[in-house]
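S.K.: First, the structure itself, so that you have it in front of you.
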Amino acid sequence: YIALSYCWGNGNSVTTTASTIKQLKSGISRRMLPRTLQDAVEFTRELGIPYLWIDALCIIQDSASDWETESAKMGEIYNNAFLTVAASSAPSAGDGFLRRHQEPAELKVKWPDGVTARARIGPPGLLSPLDSEPWYQRGWTFQEQLLSARLVTYSDREVQWACPSVRACECGGSDGAKNLTPQTHDDHFPTALWQLADRAKAPDFWVNLVNSYSARSLTVERDRLPALSGIASRIGRLTESSYLAGLWAGDVLSGLCWSRRVPAAVGVSPGTYRAPTFSWASVDGPIHYCHRDRARDVKEPDLAPQSIDASTTVDGLNPFGVVTEGWIKVRAPIMSCTVQ
């Protein structure tokens, strides 16, 4: 099967609900689907693949239990797909992605010493970074991108490909992926989860992805943790560590070393409870981790902080999803200060 990754926007008029599921099971007319979903059907048929997974149709949208169950399976859904097709240039389901894109002019230059180069020239916006496109701004698409074993991305100007063996784009970029590290990142090919096999590298991998993920947008406030639950589930199996609302019990002290990347007036707490305040998921806006090594490498035993205990309670069936409460108990020295 093919899995579709896309932005819902305001154009997703066809969804599976308790009232529509019987009708949709009897057949779905392609013409009733929004343009992005129509394009995904065409893409799947052209490849000769019999099935297509689309969240709007494969999850009962007004069923909390079905949504929680299926959101916990996101890692398997995208990882096990024959491939994932991403509509990165479409801001909503009604826009589509199978359209002729404007290609920049290409110039080849050769210097007297024999060195050659290639330049691409285009109007403003055509050569803007790929991560400025709508798909790269949304929270849910972040894990869909990292969890996919094979990914075809349709941008405004080209198609890109990424898999464990090779990564390539129409602009001519191509690079074997076997030497990539969990820290590797660029606009075309951000780090995929299949690159992480070493348990010791998992904490740094998690911090890097949280730094990136926290800057993305979510329509529903409560999705801050569920939209990352597929990745969390995979990392949890690798590390065998308990999950604490966006932190890991095995690295909890350095996991506390986060702060807002923007002033508090911009990155504010959500209107409803989403996570305990020790978690980065409790605030809106981008965050960043800093000074994590200091929490790990305190030499004097009397000054070293210690994690005594911690616990979170989840709401529903997804152990990596929405939480209702949480607490952490830490032993550490304190010092006097004046806040101005």
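Nothing in this text is a laboratory measurement; each read-out follows from the coordinates by a stated rule. The model shown is predicted, which means the values in this text are computed figures rather than measured ones. Don't worry about glycine lacking a Cβ; one is built from the backbone with ideal geometry, like all the others, and counts go over all protein chains shown.
S.K.: By average Cβ neighbour count within 10 Å, what is the ranking of 27-38, 315-326 from highest down?
M.R.: Ranked by mean Cβ neighbours within 10 Å, highest first: 315-326, 27-38.
S.K.: Take the Cβ-Cβ distance between E76 and T338 as r, set R0 to 56 Å, and report the resulting FRET efficiency rounded to the nearest 0.05.
M.R.: That pair, E76 with T338, gives E of 0.60.
S.K.: Given the Cα-Cα distance of E240 and A197 and 0.36 nm per residue of separation, how much length would full extension add, in nm?
M.R.: Working it through step by step, the gained length comes to 14.2 nm.
S.K.: For S217 and T17 in one chain, what is 0.36 nm times their gap in residues minus the Cα-Cα distance, to one decimal in nm?
M.R.: 69.5 nm
S.K.: Quick one: length gained pulling A168 to S26 fully straight, 0.36 nm per residue minus the C-alpha distance?
M.R.: My answer for the length gained is 47.1 nm.
S.K.: Taking a temperature of 20 °C and a viscosity of 1.002 mPa s, what whole-number D in µm²/s does Stokes-Einstein yield for segment 1-89 with Rh from Kirkwood over alpha carbon pairs?
M.R.: Answer, rounded: 156 µm²/s.
S.K.: For the residue pair V109 and T324, what label-to-label distance in nm results when each label sits 7 Å from Cα along the Cα-to-beta-carbon direction?
M.R.: Those two pseudo-labels are separated by 6.4 nm.
S.K.: Let me ask something else about it. Convert each backbone phi in segment 331-336 into a coupling constant with the Karplus relation 6.51 cos²θ - 1.76 cosθ + 1.60 (shift: θ = phi - 60°), then list the ³J(HN,Hα) values in order as whole Hz, x for Gly and Pro.
M.R.: My calculation for segment 331-336 gives 10, 6, x, 10, 9, 7 Hz in order.
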